[in-house]
Amino acid sequence: KKRGGLPDDYRPNVLTPFLDTLIQQVGRSLQLYYTAGRNPEVKKVILAGGSSVIPGLSERLATDSGMPVEVANPFLRMKVSPRIDIHTLAGDAPAMLTACGLAMRTRA
């Protein structure tokens with residue numbers, strides 16, 4: 001997906017239906033959250049994981065939910081070695097959220 005080489009019909013036959021389902025599931029999850037009487041109100045959606053960087057996902061979700069949507073970047077305030085390509089890292093950062101959290105845990 002990241003390097004291209006996908007069939008010409010990938011976007012209309014695979015990606016668009018996937019995004020439609022994903023956005024629908026987020027909406028259902030929010031409805032369930034509110035139906036269960038949860039507080040406080042959700043004011044922002046933060047996307048994490050490899051699929052969060054799919055072009056157009058955050059914009060569509062913001063439009064459908066009426067909330068700001070942000071893509072998680074666990075490296076945002078971390079000091080990163082100058083040997084690392086920061087642009088490549090930024091593209092992979094949402095998929096590394098759990099790994100970063102585990103790496104930062106203290107031993108009990």
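The values are calculated or read from the model by the stated rules, or taken from the named source; none is laboratory data. Bear in mind that the values here come from a model prediction, so they are computed numbers and not experimental data. No Cβ is skipped: glycine too gets one built from the backbone with ideal geometry, and neighbour counts run over all protein chains shown.
Please verify whether the stretch 25-43 includes one or more residues that are surrounded by 14 or more Cβ atoms within 10 Å (Cβ to Cβ) and out of contact with any Leu (no Cβ under 9 Å at 6 or more places or on another chain).
yes
Among the residues of the stretch 44-67, which ones are small (Gly, Ala, Ser) and assigned to a loop (DSSP other than H, G, I, E, B)?
Answer for the stretch 44-67, where residues must be small (Gly, Ala, Ser) and assigned to a loop (DSSP other than H, G, I, E, B): 48, 49, 56, 66.
What is the one condition in (1) at positive phi; (2) modelled with pLDDT of 90 or more that residue 46 does not satisfy?
The single condition residue 46 does not satisfy is (1).
Here is a list of conditions, (1) under 26 Å from residue 73 (Cβ atoms); (2) at pLDDT 90 or above; (3) loosely packed, with under 12 Cβ neighbours inside 10 Å, and residue 19 meets all of them except one; can you say which number that is?
With respect to (1) under 26 Å from residue 73 (Cβ atoms); (2) at pLDDT 90 or above; (3) loosely packed, with under 12 Cβ neighbours inside 10 Å, residue 19 is out only on (3).
I'd like to verify a number: residues in the stretch 77-108 that are part of a loop (DSSP other than H, G, I, E, B) and either surrounded by 14 or more Cβ atoms within 10 Å (Cβ to Cβ) or under 15 Å from the mean Cα position of the chain (by Cα) (or both), how many?
The number of residues fulfilling the criteria is 0.
With 41, 70 as the choices, which residue is in a loop (DSSP other than H, G, I, E, B) and of a type in the set (D, E, K, R)?
Answer to the selection: 41.
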